[in-house]
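The values are calculated or read from the model by the stated rules, or taken from the named source; none is laboratory data. None of these values were measured; they are calculated from a predicted model. Here Cβ is always computed from backbone atoms with ideal geometry, including for glycine, and neighbour counts include all displayed protein chains.
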Amino acid sequence: EVMPTLDMALFDWTDYEDLKPEV
Amino acid sequence: GDPCHDEGGAPRGCVPGLVNAALGRDVLASSTCGRPATRACDASDPRRAHPAALLTAAGGTAGPLCWRSDSLVRAPLNVTLTVPLGKAFELVFVSLRFCSQPPASVALLKSQDHGRSWAPLGFFSSRCALDYGRLPRPSTGPAGPGPEALCFPPPQAQPDGSGLLAFSVQDGSPPGLDLDNSPVLQDWVTATDIRVVLTRPTMLLGDARDTEAVAPYTYSATELQVGGRCKCNGHASQCLLDAQGHLVCDCRHGTEGPDCSRCKPFYCDRPWQRATTRDAHACLACSCNGHARRCRFNMELYRLSGRRSGGVCLNCRHNTAGRHCHYCREGFYRDPGQALSDRRACRACDCHPVGAAGKTCNQTTGQCPCKDGVTGLTCNRCALGFQQSRSPVAPCVKTP
């Protein structure tokens, strides 16, 4: 079974703004 | 064929042919007749001029054949002939033909630095001690282990009144030395310039007044020959004129310089060496897999390798790294589908910004370091039994 790739839109960056990658 | 490579293309020691290195070269004479003109010599009249150029001319001139000094009537009676050879040569012999009674004393000198300093090659006199402070040549040759300037008998007058000075550079060298294996002999035969000092005319031999005014005397000579090979240290079979008109070796074996005396910039995998008849000692190109244009030599690495390889590639390109640009730099991994020499041999890791724990992948496999529960070469998927969360710190959590 091949899992779907991580969906960046699902992540909540509220507490991790400094870790948020530039897209 | 190529004298510097065998039939299989392997390098082999090669040397330029034996030539008269003085032929066509300018000669500087400290004294030449004809200024002011006399009945016998007029520098402004080609039919009656006796310039020093006649000493090294190729021949075929319609005018006189011999150079002549001015009339010498008082000390100093020595006249100097200097021939710059243009570059270093390895001498075999030097000869000078006299057109009149040969001098009683002659000194032969060489320079290895284009005339800045001079060293004797030999002396020719029946009064070695008086003229040069030397003992006559011992019958056994040089007393020491190396070559030295000895004092030989003066050039003998021929029945026609002329004479010949002939010097073989081996005359000053002990037997048994060979050029391949003897640095002192290599140094002995090397010259960039030759100087002949005509010290004393024959007619003054035994004359106690030889430093006083005496009957006029004129030195006269032709055919100054300097037999030798263009010095290329075994790495060229010929010398050519470069764009500036300088004589230079046509260097092979990864060498360069007027005498092929250094390795070319990229050919520094081992130290430069003179070629011998048994081993070409070619300079080897650094092994950089096509990813670098420059390298440097490291003696410690060379010793550690058993004197096989000491080159270190500089500025590896195409995201490669290492002494030979043989692996991928941080953040890139080796693509097994490409040859190591291919510019696409190293691919970017492309680790997932959330799923991976870092940006650096395994340089061989390309595997990025994944966070718990994350899988895939770039860590871009949740592993079986995990599902994506909303937390970028723990992007995959166990499925309830």
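A few comments on the model shown:
- Of all residues in the range B:284-303, those being in contact with a Lys or Arg (Cβ under 7 Å, 6 or more places away or on another chain) and either surrounded by fewer than 16 Cβ atoms within 10 Å (Cβ to Cβ) or closer than 22 Å to B:His235 by Cβ (or both) number 2.
- Qualifying residues in the range A:5-23 (those that are part of a loop (DSSP other than H, G, I, E, B) and facing chain B (nearest Cβ under 7 Å)) - the one modelled with the lowest pLDDT: A:Pro21
- Failed item, numbered, when B:Ala57 is tested on (1) touching a Lys or Arg at 6+ places or on another chain (Cβ under 9 Å); (2) surrounded by 12 or more Cβ atoms within 10 Å (Cβ to Cβ): (1)
- Test result for B:Ala236, of a type in the set (A, V, I, L, M), in contact (Cβ under 8 Å) with a residue 40 or more places away in the chain and crowded, with 19+ Cβ neighbours inside 10 Å: yes
- Restricting attention to the range B:167-183, the residues that are loosely packed, with under 15 Cβ neighbours inside 10 Å and not in a loop (DSSP other than H, G, I, E, B) add up to 2.
- Residue count, the range B:184-201 (criterion: over 22 Å from the mean Cα position of the chain (by Cα) and either surrounded by fewer than 18 Cβ atoms within 10 Å (Cβ to Cβ) or among the polar types (S, T, N, Q) (or both)): 1
- The residues of the range B:329-361 that are within 14 Å of chain A (Cβ to nearest Cβ) and either part of a loop (DSSP other than H, G, I, E, B) or surrounded by fewer than 15 Cβ atoms within 10 Å (Cβ to Cβ) (or both), listed by number, are B:Asp350, B:Cys351, B:His352, B:Pro353, B:Val354, B:Gly355, B:Ala357, B:Gly358, B:Lys359.
- Remark: pairs (first residue in the range B:262-283, without any contact (Cβ under 8 Å) to a residue 12 or more places away in the chain; second residue part of a loop (DSSP other than H, G, I, E, B); Cβ separation under 7 Å; 6+ apart in sequence or on different chains) = B:Arg262/B:Trp272; B:Gln273/B:His281.
- Filter pass, B:Thr364 being surrounded by fewer than 18 Cβ atoms within 10 Å (Cβ to Cβ), away from chain A (no Cβ under 11 Å) and in contact with a Lys or Arg (Cβ under 6 Å, 6 or more places away or on another chain): yes
- Matching residues in the range B:252-265 - criterion: being farther than 19 Å from B:Asp6 by Cα, modelled with pLDDT of 95 or more and not charged (D, E, K, R): B:Gly257, B:Pro258, B:Cys260, B:Ser261, B:Cys263
- Residue match in the range B:375-393 (condition: over 23 Å from B:Cys328 (Cβ atoms), out of contact with any helix residue (DSSP H, G or I) (no Cβ under 8 Å at 6 or more places or on another chain) and crowded, with 21+ Cβ neighbours inside 10 Å): yes
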